[in-house]
């Protein structure tokens, strides 16, 4: 079977492909000691996959831990996308509105408003050839604005040479 052309919604997001290391990550549950993410295309170019991780040091209220997550961005029709997020803490987020950010080069993912919990928004801003800035924000029921929960800046790791 011949390879299909990538869907139109994926083209502006190719910037994300590769390995990213965070320069900083702050918010809840605190400042990570190390963190990063890897973006790949899978299923013959039909989905975009992000695997992320963060290491958090022990505090006086909890032990050290590693957060890991998986985000799958997939097409819905020819020009639209959705996403689903899972993590090792038991969270699942359905992003029903996924699109390149109209205000600047980037990506915006937004869940549906919920009566019994927060609405989630994940935004990536592409800054230069190998930098990005991201914010995960929450809007509580009956809230007006999204409030940042996590913020991070990342740099693209150069591809390994395969030697060594």
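Before moving on, here are some points about what is shown:
- Over the stretch 45-94, the hull volume per residue, using the convex hull of the C-alpha atoms, is 77 Å³.
- Rg over Rh for the stretch 26-164 works out to 0.98, both radii taken from alpha-carbon positions and Rh defined as the Kirkwood radius.
- Separation in nanometres of the label points that stand 7 Å from Cα toward Cβ, at residue 116 and residue 97: 2.3 nm
- Going by neighbour counts of Cβ atoms within 10 Å, the residues 98, 147, 41 line up, fewest first, as 147, 41, 98.
Laboratory data are not the source of any read-out in this text; all were calculated from the coordinates shown. For clarity, every value in this text was computed on a predicted model and none was experimentally measured. Neighbour counts are summed over all protein chains in view; Cβ atoms, including those assigned to glycine, are modelled from backbone coordinates with ideal geometry.
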